[in-house]
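Take a look at the structure below.
Just so you know, all these numbers are worked out from the coordinates, no wet-lab data involved. Keep in mind the model is a prediction, meaning the values are calculated, not measured. Cβ: placed from backbone, ideal geometry, glycine included. Neighbour counts: every protein chain shown.
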Ligand SMILES: C=CC1=C(C)c2cc3[nH]c(cc4nc(cc5[nH]c(cc1n2)c(C)c5CCC(=O)O)C(CCC(=O)O)=C4C)c(C)c3C=C
Ligand SMILES: [Fe+2]
Ligand SMILES: [Fe+2]
């Protein structure tokens, strides 16, 4: 009998209806990795912030058909990865699974499905190339609890981060190159990543450093001498100070300098509200109003063959090393 391999992909998840927005937000803001307060204070604060944010968030999702596309797009990635791993001829039966952190399928549902598959080996693969305590660590912690509850005892290997993975970099550089070919005027590349509160970075989170590493690798791989590029941070929520520069500020700066922008989502591997609404509608509108001569958005890597092949190689390499 061939060995059975389960590869579990992790992402944030997103609401699949208007009714799902509030509970999705509640799940997000009651995560101790996001709101670092003891219970029952965290529960109370989560109720309050989720309640306040629901109207805005419903409006955001209404602009893209009332729901997040993150699950169907992650399912496409899971299918493509399964085929890519099969193509490596590892002599295993592979099945990919998805566990979302804040909306379905949640870790508990996925752990039950993985237990039913009865794998001999498990590889955990967060769809966050850059490690953050707020994303990767939060998802992995939830998984380990859910897996224990589901009675999963198979050897489990974790791919914690892959900010300079060759496949990721190749895919992002390919898409960036295509976008750069479309612009004539002086241009700057904005590598836009989801932001984090500054205090999360000050507490030692490696996310910002790893985002910088990805940006440097893509800028090198696209091989345009003298390329003007900068990393900026989007999606700030709440009144706290977040890591800078903010993407809005960089758009205003480009407007005042008369420089076109090519915007590449450097920390998202699929499309969702942060790319389709924030980058494509809100920031595009800002760019138009502040005189940016051209605004081109590079798609997220999605199922780009180089990206998926890179993920398959990461799984293969990790399988060849001992489980924790
Ligand atoms: C690199 C990825 C992400 C990090 C880091 C991250 C941190 C983070 N996010 C919030 C609050 C919200 N995020 C929301 C949506 C959202 N966030 C990410 C990724 C990261 N978040 C994704 C992929 C999405 C999109 C979900 C989808 O549409 O499918 C939202 C909801 C939308 C909105 O109301 O704007 C909130 C809220 C915090 C507070 C945080 C770090 C502390
Ligand atoms: Fe977020
Ligand atoms: Fe946002």
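On C-alpha positions alone, give me the angle between the axis of helix 107-117 and the longest principal axis of the chain, in degrees, nearest 10.
40 degrees
So what is the calculated 222 nm ellipticity per residue for the chain, using -39500 (n - 2.57) for each DSSP H run with n of 4 or more, over all residues, to the nearest 500 deg cm²/dmol?
-14000 deg cm²/dmol
Show log10 I(q)/I(0) for the range 18-62 at q = 0.15, 0.24, 0.25, 0.31 Å⁻¹, two decimals, from a solvent-free Debye sum over equal Cα scatterers.
Cα-only, vacuum Debye calculation for the range 18-62: -0.34, -0.74, -0.79, -1.04.
If you average the sequence gap of Cα pairs under 8 Å that are 6 or more apart and divide by the length of the chain, what percent do you get for the contact order?
Averaging sequence separation for qualifying contacts and normalising by length gives 22 percent for the chain.
Figure the gain on full extension for residue 48 and residue 120 (residue separation times 0.36 nm, minus the Cα-Cα span) and round it to one decimal in nm. Don't skip to the end; give the middle numbers.
On the way: separation 72, 0.36 × 72 = 25.92 nm, distance 4.36 nm.
Fully extending the segment from residue 48 to residue 120 adds 21.6 nm.
Taking only Cα atoms, what is the 0 to 90° angle, nearest 10, from helix 247-257's long axis to the longest principal axis of the chain?
Relative to the chain, helix 247-257 is tipped by roughly 30 degrees.
Most fluctuating residue of 306, 111, 203 in a GNM of the chain with Cα springs under 10 Å: which is it?
Result for the chain, Cα springs under 10 Å: 203 fluctuates most.
Quick one: the Cα spread of the range 158-231 along its three principal axes, in angstroms, biggest first?
42, 27, 17 Å, listed from the longest principal axis down.
Counting each pair of different Cα atoms once, what's the Kirkwood radius of the chain in Å, rounded to one decimal? Kindly include the intermediate steps, with their values, before the conclusion.
Details: mean 1/r = 0.0488 Å⁻¹.
Computed over the chain, the radius equals 20.5 Å.
With a 10 Å cut-off between alpha carbons and a GNM built on the chain, which of 216, 257, 304 moves the most?
For the chain, modelled as a Gaussian network with Cα springs under 10 Å, the answer is 257.
Express in nm, to one decimal, how much length is gained between residue 223 and residue 285 on full extension, taking 0.36 nm for each residue of separation and deducting their alpha carbon distance.
Length difference between fully extended and current span is 19.4 nm.
Hey, with R₀ at 35 Å, roughly what FRET efficiency would residue 93 and residue 141 work out to, going by the Cβ-Cβ distance, to 0.05? Each step should come with its number before you reach the end.
Numbers: r = 28 Å, r/R0 = 0.81.
Here the calculated transfer efficiency is 0.80.
What is the angle, in °, between the Cα long axis of helix 18-29 and the longest principal axis of the Cα atoms in the chain? Nearest 10 is fine, range 0 to 90.
So the helix axis and the longest Cα principal axis differ by about 80 degrees.
Under a 10 Å cutoff between Cα atoms, tell me which one of 286, 176, 124 has the largest fluctuation in the Gaussian network model of the chain.
286
Could I get the Rg over Rh figure for the range 1-120? Both from C-alpha atoms, Rh via Kirkwood, rounded to two places.
Rg/Rh: 1.09.
Convex hull volume of the Cα atoms in the range 259-310, per residue, in Å³?
Looking at the range 259-310, the number lands at 72 Å³ per residue.
Give me log10 I(q)/I(0) at q = 0.09, 0.19, 0.21 Å⁻¹ for the range 166-297, Debye formula, one equal scatterer per alpha-carbon, no solvent.
-0.24, -1.11, -1.34
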